[in-house]
Amino acid sequence: GCRPTGTPEQAGPPAPSSGLSIELAQALAADSARMIGGRLASFTPTGSMLPVLDSRTVGVLESAPFERLSPGDIVGWENDTGRIVMHRVQSIRDGYAYIVGDNARADGWVEMPRIRYRLVAVYYTLRT
């Protein structure tokens, strides 16, 4: 994701936590992903999506259903270097989505075909 000012994962409040170990969260997410034909996701500790996502968060992604994307969805879009960036859709217009990190600068208008995934489930893990 886009790097905010400050140090990674200190740019905002921490993501929620639970009593789940990272191993259990990954197993639950893998089962969920299999059930929907999706994939497992882990997140780079940039701080751009705090307090919703951090490196202790395990997610489930589905292929992006362009016609069903809505403002507020967290999506994975492919940037110019081929890296998947997970940020939030702020608005949609004329085949483009305006994408922003919750705790970072805006990515700007992204063509809908570059949006590859939508985050559909989140498992928080034990804070260590």
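The values are calculated or read from the model by the stated rules, or taken from the named source; none is laboratory data. On a predicted model such as this, the values are computed, not experimentally measured, just so you know. With ideal geometry, Cβ positions are generated from the backbone for all residues, glycine too; neighbour counts draw on all protein chains shown. Accessible surface areas use protein heavy atoms only, side chains included; no ligands, DNA or RNA. Shrake-Rupley method; radii C 1.70, N 1.55, O 1.52, S 1.80 Å.
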For segment 63-78, which positions are open to solvent by 40 Å² or more (accessible area, probe 1.4 Å) and among the charged types (D, E, K, R)? 67, 68, 78
Neighbours by Cβ (under 6 Å, 6+ apart or cross-chain): first from segment 15-44, more than 19 Å from residue 127 (Cβ to Cβ); second in a helix (DSSP H, G or I): 39/33; 40/29; 40/30; 40/33
Under 6 Å between Cβ atoms, at least 6 apart or on separate chains: pull out the pairs that start in segment 105-117 with a residue that is without any contact (Cβ under 8 Å) to a residue 60 or more places away in the chain and end on any residue that is open to solvent by 70 Å² or more (accessible area, probe 1.4 Å). 109/96; 111/96; 112/66
Is it true that residue 104 is part of a strand (DSSP E or B) and crowded, with 17+ Cβ neighbours inside 10 Å? no
Say we look at segment 46-62 and pick out the residues that are surrounded by 17 or more Cβ atoms within 10 Å (Cβ to Cβ), of a type outside the set (Val, Ile, Thr) and under 16 Å from residue 125 (Cβ atoms); which of these is farthest from the chain's Cα centre (by Cα)? 56
Would you pick out the residues in segment 79-97 that are open to solvent by 60 Å² or more (accessible area, probe 1.4 Å) and more than 15 Å from the chain's Cα centre (by Cα)? 80, 81, 92, 93, 94, 96
Select from segment 28-72 the residues that are part of a helix (DSSP H, G or I) and among the hydrophobic types (A, V, I, L, M, F, W, C) and list them in ascending order. 28, 29, 30, 33, 35, 36, 66
Mind checking whether some residue in segment 24-35 is open to solvent by 30 Å² or more (accessible area, probe 1.4 Å), out of contact with any Pro (no Cβ under 7 Å at 6 or more places or on another chain) and within 17 Å of residue 75 (Cβ to Cβ)? no
